[in-house]
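The values are calculated or read from the model by the stated rules, or taken from the named source; none is laboratory data. Given the structure is predicted, the values throughout are model-derived calculations rather than measurements. Don't worry about glycine lacking a Cβ; one is built from the backbone with ideal geometry, like all the others, and counts go over all protein chains shown. Ligands, DNA and RNA are stripped out before the accessible areas are found, and what is left, the full protein with its side chains, is counted by its heavy atoms. Shrake-Rupley method; radii C 1.70, N 1.55, O 1.52, S 1.80 Å.
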Amino acid sequence: MCGIAAFFQPGQPFSPDLIDAVDRDLFHRGPDSGGHLSEPGRALIFRRLAIQDPQARADQPMTDPTGDVTLIFNGEIYNFPALRDDLEQRGYAFRTTGDTEVILNGYLCWGDGLLDRLEGMFALVLVDRRKNIALIARDPLGIKPLYLLRRGTLTAVASEARPLHRFQRAEADPAAISELLTFGWAAGRISNYRGIERLPGGTLLTVDLSDGSVTERRYCDPLETLEADATVTAEEAEDAFARSLEAHLISDVGYSLQLSGGVDSSLVAALAAGLEDRRLKSFSIGLEGHAYDETPYQTMVAERYGLQHEVTPLSVDEYCEALPTAIRHMEGPTPHGGCTTLMMLCRRIQKETKVVLTGEGADEFFGGYLRYGVWRKTAQQERLAGLIPSWLSPPVWPFKGINRLRGLDAAAYGAVYHDFGALNALFPDLVPEPGLRERVSGRFADFRDRLFAVDQTAYLESLLVRQDKMSMAASVEARVPFTHLPLARVLNRLPHDLRAPGGETKPVLKRIAEKYLPTDLTRRRKIGLWLPYHEWYRDRDRLGRYLDMVTAPDSRLASFGDRTRLSGFVEKTLQGDRSAGLILQRLAELELWLRSVDQEAAPMSEAA
């Protein structure tokens, strides 16, 4: 796991000062070593967190012995031993024992067809001097982020947006703010910053180094695997997950477990413990004495599988102090409540190990959210919203649910549980336009497929970027064995009535988990790293002070709406319940992020 950046512009020399500044921007992603390549028209910058073959011989940029091809790569390729065996049989020699050189030789053997063979998480840049091109690619499921800036003949990419601010001043994108207010995450190519985009997962860019022109193609679309097959069984799903987990254990520096107390991470812990002779270490966050505390379930799993478990207690003061740092590393508001706590937890994990396994992705592939339990009701509300005129729908239940979805794609809004209509009224110029969520939903007829399509693109990426940025803020690699393309190919073919029958959420995963975990854990209500924001934001000396910024005279967010109405809305929402806390969190974090944008480094004159 590392940090990468690459700049291409014909005839343009990139200065040592620029390269050094970008190296500093990415240092937290790879404190073990760094390297760069600077040639006329191109620059590659790399920071390394050494996991596979941690010796210096595996440092990057890595160039083949002929000097024809140079690679920088962030991620892990879990099937690299099999690919290496294949390449050795074809006559390729290796100087290292890790996955980077496998990618390098794999490209020399198969060209960009290599991408179809890689199983893992990655963002990579290859410079091919024979063809005078550069290839830029991101893994199919979008586990590893990659940001893109194109301006004239300049093409610049980086693991984070911050290095790209070296070329142009950071500026918040209003299209992003619209989605952040409603969904908490700007989906698809929207990066939060004007002029910068995220390269979609499964995408390959080819840069012609002679003239700077760029071509793009989608080499893999995981949603093409979303096709229910009545012959696929829960046993096949279990076998596929077991294979995925075993592949994710490969590491030359060991690994630990992130244990939330939920079914997903607990199952990862149970299966991993069965594959190891050593006693595994696990880490968690605790909210001692609070209703949202999951420590008893973490302890239940740790004792059953002999884990060396450590709980890091969380206080509101620690959370309050860490929040601005988390937002800076997220390069936007945190999309989910657990972001800041994950960063704090990874700071503790980093003292013990560089690698941690998580349960991210299980809900998006097994159907673990409330929306999968009530999908029939939501689908019916969507149909009725298209049939019943608004003048026949009074603002009372059951018509409220129908009116809420009027004119909207119900699957696209399935993950929105707060009153987004109230926010739209406050910021009428920031109502989201139909985007990625609606496009992927529109590809499918069955409502459950539509939910899975939205979750496996927009919602899952928000969780994956959260894991990446919060763990890498502490120089820790987070692995996600539930988010693996070979596994997705099986799970997305499960019959609808087996995977998402309605009523129960993720029944297939729970059936698997019950072989390893007590039913008290597998059948309990999902909490999901929820924090008591509705309590914390009422304290003006702690989180409440960030909320005060929203209504202050110099409020950045208020400039997008009616300042007086916004102040009244905040005061009214402060008196609300748990769901109101989500809205308060969203407003406060948007304000913090907008203020942080003003503090980004100015562009460097040579780069600009």
Test TYR292 against the criterion of being on the phi < 0 side of the Ramachandran plot and in a helix (DSSP H, G or I), and give yes or no. no
Can you pull out every residue in the range 142-166 that is open to solvent by 20 Å² or more (accessible area, probe 1.4 Å) and either in a strand (DSSP E or B) or of a type outside the set (Gly, Ala, Ser) (or both)? ARG150, ARG151, THR153, ARG166
Note: among GLY98, GLY113, GLY91, just one is farther than 21 Å from ASP139 by Cβ and either of a type in the set (Val, Ile, Thr) or not in a strand (DSSP E or B) (or both), namely GLY91
Given the conditions (1) on the phi < 0 side of the Ramachandran plot; (2) crowded, with 20+ Cβ neighbours inside 10 Å, and given that GLY367 satisfies all but one, which numbered condition is not satisfied? (1)
Over the range 407-440, the set of residues open to solvent by 70 Å² or more (accessible area, probe 1.4 Å) and at pLDDT 90 or above is GLY407, PRO428, ASP429, GLU433, PRO434, ARG439
Among the residues of the range 27-34, are any surrounded by 19 or more Cβ atoms within 10 Å (Cβ to Cβ) and among the acidic types (Asp, Glu)? no
Across (1) surrounded by fewer than 17 Cβ atoms within 10 Å (Cβ to Cβ); (2) at pLDDT below 95; (3) among the hydroxyl-bearing types (Ser, Thr, Tyr), THR325 clears everything bar (2)
Strands (runs of 3 or more DSSP E) fully within the range 167-283 counting 2 or more residues that are closer than 27 Å to LEU531 by Cβ and in contact with a helix residue (DSSP H, G or I) (Cβ under 7 Å, 6 or more places away or on another chain): 256-258
Scan ILE136, ILE177 and give me the residue that is of a type in the set (Val, Ile, Thr), within 30 Å of LEU426 (Cα to Cα) and open to solvent by less than 10 Å² (accessible area, probe 1.4 Å). ILE177
Quick check: is even one residue across the range 254-261 touching a Ser or Thr at 6+ places or on another chain (Cβ under 8 Å), free of Cβ contacts under 8 Å to residues at least 40 places away in the same chain and open to solvent by less than 20 Å² (accessible area, probe 1.4 Å)? no
When restricted to LEU584, LEU531, LEU590, the only residue within 25 Å of the chain's Cα centre (by Cα), at pLDDT below 85 and of a type in the set (A, V, I, L, M) is LEU531
Got a sec? Which of ARG538, ARG556 is surrounded by 14 or more Cβ atoms within 10 Å (Cβ to Cβ) and more than 27 Å from PRO428 (Cβ to Cβ)? ARG538
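Conditions (1) in contact (Cβ under 8 Å) with a residue 12 or more places away in the chain; (2) out of contact with any Phe, Trp or Tyr (no Cβ under 8 Å at 6 or more places or on another chain); (3) crowded, with 20+ Cβ neighbours inside 10 Å, marked per residue:
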site	(1), (2), (3)
ALA50	yes, yes, yes
ASP53	yes, yes, no
ALA58	yes, yes, yes
ASP68	yes, yes, no
ASN74	yes, no, yes
PHE80	yes, yes, yes
GLN89	no, yes, no
THR97	yes, yes, no
ILE103	yes, no, yes
Go through (1) under 23 Å from ALA415 (Cβ atoms); (2) in contact (Cβ under 8 Å) with a residue 60 or more places away in the chain; (3) not in a helix (DSSP H, G or I) one by one and return the number of the condition PRO603 breaks. (1)
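Residues checked against (1) touching a residue at least 40 places away in the same chain (Cβ under 8 Å); (2) under 23 Å from ASN192 (Cα atoms):
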residue: TYR292; (1), (2): yes, no
residue: GLN298; (1), (2): no, no
residue: ARG304; (1), (2): yes, no
residue: GLU310; (1), (2): no, no
residue: MET330; (1), (2): yes, yes
residue: THR341; (1), (2): yes, yes
residue: ILE349; (1), (2): yes, no
residue: THR358; (1), (2): yes, no
residue: GLY367; (1), (2): yes, no
Checking ARG24, ARG57, ARG48, ARG42 in turn, the sole residue that is in contact with an Asp or Glu (Cβ under 6 Å, 6 or more places away or on another chain), modelled with pLDDT of 95 or more and charged (D, E, K, R) turns out to be ARG48
Residues of the range 267-288 being small (Gly, Ala, Ser) and open to solvent by 60 Å² or more (accessible area, probe 1.4 Å), which ones? GLY274
Does any residue in the range 496-514 that is closer than 17 Å to ASP446 by Cβ come within less than 7 Å, Cβ to Cβ, of a residue that is of a type in the set (Ser, Thr, Tyr) six or more places away or on a different chain, and which pairs are these? ALA500/TYR372
